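Here's the structure, in structure tokens; my notes come after.
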Amino acid sequence: MVTISMEIQILFAGALFLTGLLGLLVRRNIIFMLLSIEIMLNSAALVFIIAGSHWMQADGQVMFIFILTVSAAEVSVGLALILQMYHHYRTLDADAINRLHDKKENEK
């Protein structure tokens, strides 16, 4: 069985987190932003699994289950908000929604 050192595993989780952060900062589509946040949460959960396996504790798996639960709640609320924003503004571009929102406030 091939073992991978803990440092390489954490570097992989860090690269995964940075990929999610880059996706969050670069993409302006709200669905892609939500997916990037999910990637970041999964990389954090991966670090808990890595640490739990390194110290032979089940705490990492318990935290992974907790993060999955929080992630599922975040997705359900996020998708409901995205649907409402789409019905109201007819777009999923965060910059366009911001411009439309500012335009409506200036008209009042």
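Bear in mind these aren't lab numbers, they're just calculated from the coordinates by the rules spelled out. Since the structure is predicted, the reported quantities are computational estimates derived from the model, not experimental observations. We place every Cβ from the backbone using ideal geometry, glycine too, and count neighbours over all the protein chains shown.
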(Q) Strictly greater than 13 Å: what percent of every Cα pair in the range 15-65 meets that? (A) 56
Q | Computed over the chain: relative contact order in percent, which uses C-alpha pairs under 8 Å that are six or more apart | A | 23
Q | Low-density loop positions, trypsin sites (Lys or Arg not before Pro), the range 4-96 - DSSP coil, at most 13 other Cβ in 10 Å | A | 90
Q: Quote to one decimal, in nm, the extra length available between residue 34 and residue 87 on full extension: 0.36 nm per residue of separation minus the C-alpha distance between them.
A: 17.3 nm
Q.
Taking the Cα centroid of the range 10-51 and of the range 64-108, what is the distance between the two, rounded to the nearest whole Å?
A. 19
Q) When the convex hull of the Cα atoms of the range 6-107 is projected onto a plane and the area is averaged over all directions, what value comes out in nm²? A) 7.2
Q | Using θ = phi - 60° and Karplus 6.51 cos²θ - 1.76 cosθ + 1.60, couplings along the range 8-20 (whole Hz; Gly, Pro as x) | A | 5, 5, 5, 4, 5, 5, x, 5, 5, 5, 5, 4, x
**Q.** Note, ³J(HN,Hα) from phi for the range 56-71, Karplus 6.51, -1.76, 1.60, rounded to Hz, x at Gly and Pro
**A.** 6, 10, 8, 4, x, 5, 5, 5, 4, 4, 4, 5, 4, 5, 5, 5
Q. Rounded if a/c is under 1.5, else prolate if a/b beats b/c, else oblate: with a ≥ b ≥ c from the C-alpha gyration tensor eigenvalues square-rooted, which is the range 40-87?
A. prolate
